[in-house]
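J.: My questions all concern the structure below.
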Number of protein chains: 2
Amino acid sequence: MTTTPVATQSRGTRSTAEDQRLRIVARAVEIFSRSGYQATPVASVAAAAKVSTAYVFRLFDGKLGLFVSAVDDCYAQVAAALTAGAGRSVSETPTDRLDAMSLAYIELIRDRSLIALQVHAQSACDVPEIRDAVRRGISSVVHVVTQQSGADDDAIQRFLAYGQLCHLVVQAGLADVDTVWARTVDHGIRHD
Amino acid sequence: MTTTPVATQSRGTRSTAEDQRLRIVARAVEIFSRSGYQATPVASVAAAAKVSTAYVFRLFDGKLGLFVSAVDDCYAQVAAALTAGAGRSVSETPTDRLDAMSLAYIELIRDRSLIALQVHAQSACDVPEIRDAVRRGISSVVHVVTQQSGADDDAIQRFLAYGQLCHLVVQAGLADVDTVWARTVDHGIRHD
DNA sequence: TTAGTTAGTGACTGAACAGTCACAAATGGC
DNA sequence: GCCATTTGTGACTGTTCAGTCACTAACTAA
């Protein structure tokens, strides 16, 4: 912190701590998305990132710090995906832009992890630091969607509501349930 | 199981195992709703129900069996609340009935536990038994709403989507966040 | 070369917790 | 009275896991 290395970016031959931090966060998103905060040992993330558990504790402020970093990264990826989606809109009307973003969000389902981690984070909101991370994430998503679509509040609220419905569909695996009620729930959301 | 007691109902003076089971499940809903499946020790539920931990393990098939019972009970309460809400509808049109049920669901927010437990259960869907309990619960809710409202699939899907949005609002405590974006999310949902 | 810094780890500790078991006490039929 | 069943518990065990610490290895600047 006191002395900054000459180059702040990776030096090519050898990995810097910051490089490792980013690598580990990327793995943490994936690994935490499987079983959530409490049920995932830090050792699993360490193993996935091919570093020792001790090193993970060195780079992050405890398991909680690691999880919060993963959640922040997750929402950043979601916001980026939505922005990219809006760019693929056929027209410039708020409705079309929102539709394009909805499509982009449904595309995220293909890689369950970003959806699942959001659910796990929401579930762990009794931990203040996690609740704050969720609030930051929602805030950034709302900002991105508002900015990119120009839609009114009601339309944006509706967008978020159906996003949340996606979470339920993915977590409960309703695409694998061949019943009338499951079709009622995931109609139009079903992927592949 | 082999020999049924003369009276299957509670005998008045002394508590039967089945009475205790119900009492413990009721406490389990409340206690699990606070921190979820993994982060809640069975001992907490036992303490809340004022019985020993050993006895809880005797009455339920492990911690998982206890949690699944709690989730089943939770969805049963939700379904009952929705049915009661539909009965208070001003008219018989599907729209009015759905609105009445929405109101009833928002009323549930007052006691966070039924909402929170659903979120925790959705988060723990990687455990097959829990995922099945969630599917049963959603199924019963969809059936109740369909039956009571007579609304079409799209309207019911919308009902569920906004229900899920409630979960986010409650878990993240957005009512306590005084910002533009939070208002966008919880507009019309805000309670009290 | 050497002195200082940074990357990285193996081996441990202490606490929490799921689940068990032997046992006690109350109840009810005969 | 006496035996069988059921309710209920204290005390224990084995495991898992967050977090630490003493240490080594590599790089860097002089």
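J.: Report the dimensions of region B:17-186 along its three principal axes from the alpha-carbon atoms, largest first, rounded to Å.
T.: Cα extents, longest axis first: 51, 38, 28 Å.
J.: Could you compute the net charge surrounding B:Ala49? Neighbours are other residues with a C-beta less than 15 Å from the C-beta of B:Ala49; K and R count +1, D and E count -1. Before the final figure, lay out the partial values.
T.: Values: positive: B:Arg21, B:Arg23, B:Arg27, B:Arg34, B:Lys50, B:Arg58, B:Lys63; negative: B:Glu18, B:Asp19, B:Glu30, B:Asp73.
Cβ neighbours under 15 Å give a net charge of +3.
J.: Continuing with this model, one more query. Give the residue from A:Ala43, A:Ala116, A:Pro128 lying farthest towards the positive end of the charge dipole for chain A; charges sit on Cβ (+1 for Lys and Arg, -1 for Asp and Glu) and the dipole is referred to the Cα centre.
T.: It is A:Ala43, whose Cα lies furthest towards the positive end.
J.: For labels at B:Ala47 and A:Thr93 in the simple 7 Å Cα→Cβ model, what's the distance in nm?
T.: So the label points at B:Ala47 and A:Thr93 sit 5.9 nm apart.
J.: Can you give the FRET efficiency to the nearest 0.05 for B:Asp154 and A:Glu18, using r as the Cβ-Cβ distance and R₀ = 41 Å?
T.: Values: r = 49 Å, r/R0 = 1.18.
The pair B:Asp154/A:Glu18 has a calculated efficiency of 0.25.
J.: Turning to a different aspect of this structure: Between 0 and 90 degrees, rounded to the nearest ten: what's the tilt of helix B:94-108 against the longest Cα principal axis of chain B?
T.: 50 degrees
J.: Starting from a label point 7 Å past Cα on the Cβ side, list the distances from B:Ala84 to the same position in the other copies, nm, shortest first.
T.: Between copies, matching label points for B:Ala84 lie 4.8 nm apart.
J.: Averaged across the residues of B:29-35, what count of C-beta atoms belonging to other chains lies within 10 Å of each residue's C-beta? Write down the numbers at each step before the final one.
T.: Working: counts 0, 0, 0, 0, 1, 1, 5.
Per-residue shielding by partner chains comes out at 1.
J.: May I pose another question? Using the Kirkwood radius over Cα pairs, work out the Stokes-Einstein diffusion coefficient for the protein assembly as shown at 25 °C and 0.890 mPa s, in µm²/s as a whole number. The partial results should precede the final answer.
T.: Details: Rh = 22.5 Å.
Stokes-Einstein gives a translational diffusion coefficient of 109 µm²/s.
J.: Something else about it: As I understand it, the dipole of chain B uses +1 on the Cβ of Lys and Arg and -1 on the Cβ of Asp and Glu, about the Cα centre. Which of B:Thr95, B:Phe67, B:Ile106 lies farthest toward its positive end?
T.: B:Phe67
J.: Against the longest alpha carbon principal axis of chain B, how many degrees, from 0 to 90 and to the nearest 10, is the axis of helix B:128-149 turned?
T.: With rounding to tens, the tilt is 50 degrees.
J.: Ordered shortest first, which distances in nm separate the 7 Å Cα→C-beta label point of B:Arg136 from those of the other copies?
T.: When each copy's label point is compared with this one, the spacings are 4.0 nm.
J.: Something else about it: Give the lysines whose C-alpha is closer than 28 Å to that of B:Lys63, dropping any in the same chain fewer than 8 places away, or say none.
T.: By straight Cα distance, B:Lys63 reaches A:Lys63, B:Lys50.
J.: Let me ask something else. Using only alpha carbon pairs under 8 Å that are at least six residues apart, calculate the relative contact order of region A:64-186 and give it in whole percent.
T.: Working: 114 pairs, mean separation 37.4, N = 123.
Once divided by the residue count of region A:64-186, the mean separation gives 30 percent.
J.: Can I ask one more? Nm distances between the label at B:Gly173 and the same-position labels in the remaining copies, 7 Å along Cα→Cβ, shortest first?
T.: Spelled out, the distances from B:Gly173's label point are 3.5 nm.
J.: While we're on this one: Relative to the longest principal axis of chain A, what angle (0 to 90°, nearest 10) does the C-alpha long axis of helix A:62-87 take?
T.: Here the helix axis deviates by roughly 40 degrees.
Readers should treat all values here as calculations from the given coordinates under stated rules, not as data from a laboratory. Keep in mind that this is a model prediction, so the values were computed, not measured. With ideal geometry, Cβ positions are generated from the backbone for all residues, glycine too; neighbour counts draw on all protein chains shown.
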